[in-house]
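J.: Input: one structure, supplied below.
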Amino acid sequence: MGEEKREFCGIFGIFSPGDEVAKLVYFALYALQHRGQESAGIAVSNGRDTMLLKDLGLVSQVFSERDLVTLRGHIGLGHVRYSTTGKTAWENSQPIQATKGGKTVYVAHNGNLVNTDSLRKKLSERGFVFRSTSDTEVVAGLLAPHLGGDLVEGLAEVLPKLEGAYSLGIMTEERLVGVRDPYGIRPLCVGRYMDGFAISSESCGLDIIGAEYIREIEPGEAAVIDEDGLRFVQVMEKRKPSLCIFEFIYFARPDSVLYDMYLYHARKHMGMYLAQEAPVEADVVIPVPDTGVPAAIGFSQASGIPFGEGLIKNRYVGRTFIQPTQAIRQLGVRLKLNPLVRDIRNKRLVVVDDSIVRGTTTKEIVKMLRDAGAKEIHMRISSPPDMYPCFYGIDTAVRKELIASTKSVEEIRRFIGADTLHYLSMENLVKSTGRPKEHFCTACFDGDYPIPVPEDLLADKFRLEGKVIR
Ligand code: SF4
């Protein structure tokens, strides 16, 4: 919608003896495309030699059939990226490689490190030449000296130096590894494929190639896949599990499984709780597509108000790289959503969305529905007010741009122009996940950051009208 939070990256890796895996990685990246749309890359290994192809653009734009036939090997690592650290540039697209003594390591990263400045400096002093501004190259640079020895020992030595959120896919000539930071902020799971195994940011990446989901990689754990099969190694001490709760609210696909639950069901429960918390008399419940759909279905089922599709999404407009003209840009949200005017006119609407970031898009949606003749508009949001920025791999505004950090719910209601507005309570959001609050990062809502954030980064994003506010 132009103001939504954007996921940083998606990772997929596979080790399948006797197979050519490039096309499998390609299709899995397609399933993970929602996690990053600025660049895509695939590295493959045949056990001795490696090849890498990456570029800016969507998966469908980066790889041709001919490219995929050229990428030969039974080990593959793929990545889709949306940049938050390091500007959008070819060098920053992933996987990122580093070589040492004729050996190569490829790294694909989902998350964000908060201590890269000091690590970059130390690596530069040791003579490492950086080719990108991405924090992922820091990881590759730190791992490279360990390529001649035991990679798992190398991981146990290098990873504790990293501070921040990271789920990593790591590939060498002979091996594939998936690893999560000690807090498990970003997801990563493992599946079985034929005689081999695969790792994926979300289980939907396994489903699309027919791989069987095994389980999530635990915080601080590595899944090591090679000729000997799959083994799990706890390479770092597990800390308080802190999976990003926004994965449940809308980042991950509804058909993905996290904490043993389809996110579709968690989101439906969020909508049911919304209906309990803020009932209203209305004619129809409509979602803001696509992510508001499961919660709107839940609201409809719990309230008995019929579900309807009042807004139709133009699915492909966000995927063009052609800059719109000024006149087209001024259409704003209309570029992406089109109201079913005849179904909306004179109706009392419950409109369900997953979050409000800056508020400008919600305001445009409300106006569009009013222009279409809606009699009443009752906004229901399936998460609490979003008040704090993310430092762990999600592109969010600085704090002062988050509307809930400076306005009360009533002020937001007036700003967006709705008749009523209600945000889901933290208590019922957490209940919808089936897990206790202690298993999540909920910092967007309560400022309780599980991994310490350096002062300068905090100050940057927390500045509210000249003052640093905590
Ligand atoms: S700060 Fe927010 S977006 Fe970032 S990991 Fe925590 S809950 Fe997720």
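The values are calculated or read from the model by the stated rules, or taken from the named source; none is laboratory data. Just so it is clear, the structure is predicted and the values come from calculations on it, not from any experiment. Ideal geometry is used to build each Cβ from the backbone, glycine not excepted, and the neighbour counts take in all protein chains shown.
J.: Test HIS146 against the criterion of being assigned by TED's automatic domain parsing to the domain that holds LEU24 and over 17 Å from the mean Cα position of the chain (by Cα), and give yes or no.
T.: yes
J.: While we're on this one: Test PHE251 against the stated conditions and say whether it is more than 29 Å from GLY141 (Cβ to Cβ), within 21 Å of the chain's Cα centre (by Cα) and not basic (Lys, Arg).
T.: Against the criterion (more than 29 Å from GLY141 (Cβ to Cβ), within 21 Å of the chain's Cα centre (by Cα) and not basic (Lys, Arg)), PHE251 does not qualify.
J.: Could I ask something else about it? From the list ASN428, ASN346, pick out the single residue that is touching a Lys or Arg at 6+ places or on another chain (Cβ under 7 Å), more than 16 Å from the ligand (Cβ to nearest atom) and of a type in the set (S, T, N, Q).
T.: From the options ASN428, ASN346, the qualifying one is ASN346.
A quick yes/no check of all residues on (1) at pLDDT 95 or above; (2) out of contact with any Gly (no Cβ under 9 Å at 6 or more places or on another chain); (3) more than 22 Å from CYS441 (Cβ to Cβ):
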{"residue": "LEU151", "(1), (2), (3)": "no, yes, yes"}
{"residue": "LEU155", "(1), (2), (3)": "yes, yes, yes"}
{"residue": "LEU168", "(1), (2), (3)": "yes, no, no"}
{"residue": "ARG180", "(1), (2), (3)": "yes, no, no"}
{"residue": "TYR183", "(1), (2), (3)": "yes, no, no"}
{"residue": "MET194", "(1), (2), (3)": "yes, no, yes"}
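J.: Working only within segment 220-251, note down all residues that are in a loop (DSSP other than H, G, I, E, B), within 13 Å of the ligand (Cβ to nearest atom) and out of contact with any strand residue (DSSP E or B) (no Cβ under 6 Å at 6 or more places or on another chain). First the steps, then the outcome.
T.: Narrowing segment 220-251 to residues in a loop (DSSP other than H, G, I, E, B): 220, 227-228, 235-242.
Filter again for within 13 Å of the ligand (Cβ to nearest atom), leaving 240-242.
Listed by number, the residues that qualify are LYS240, PRO241.
J.: Can you tell me how many residues in segment 349-402 are part of a strand (DSSP E or B) and either within 16 Å of the ligand (Cβ to nearest atom) or modelled with pLDDT under 95 (or both)?
T.: Total satisfying the criteria: 3.
J.: Can you tell me which residue within segment 4-17, out of those that are modelled with pLDDT under 95 and surrounded by fewer than 19 Cβ atoms within 10 Å (Cβ to Cβ), is farthest from the chain's Cα centre (by Cα)? Steps first, please.
T.: Going residue by residue through segment 4-17, those that are modelled with pLDDT under 95 are 4-9.
Restricting the remaining residues to those that are surrounded by fewer than 19 Cβ atoms within 10 Å (Cβ to Cβ) gives 4, 6.
Values: GLU4: 12, ARG6: 7 Å.
For segment 4-17, the residue satisfying everything is GLU4.
J.: Let me ask something additional. Within segment 431-460, which residues are more than 12 Å from the ligand (Cβ to nearest atom), part of a loop (DSSP other than H, G, I, E, B) and touching a residue at least 12 places away in the same chain (Cβ under 8 Å)?
T.: If the condition is that a residue be more than 12 Å from the ligand (Cβ to nearest atom), part of a loop (DSSP other than H, G, I, E, B) and touching a residue at least 12 places away in the same chain (Cβ under 8 Å), then GLY434, ARG435, PRO452, PRO454 are the ones that fit.
J.: Would you say GLU212 is over 25 Å from PHE27 (Cα atoms) and free of Cβ contacts under 8 Å to residues at least 60 places away in the same chain?
T.: Answer is no for this residue.
J.: Here's something else I'd like to know. Can you name the condition, by its number, that LEU274 falls short on among (1) under 17 Å from PRO384 (Cβ atoms); (2) within 16 Å of the ligand (Cβ to nearest atom); (3) in contact with a Lys or Arg (Cβ under 7 Å, 6 or more places away or on another chain)?
T.: Against the list (1) under 17 Å from PRO384 (Cβ atoms); (2) within 16 Å of the ligand (Cβ to nearest atom); (3) in contact with a Lys or Arg (Cβ under 7 Å, 6 or more places away or on another chain), LEU274 comes up short only on (2).
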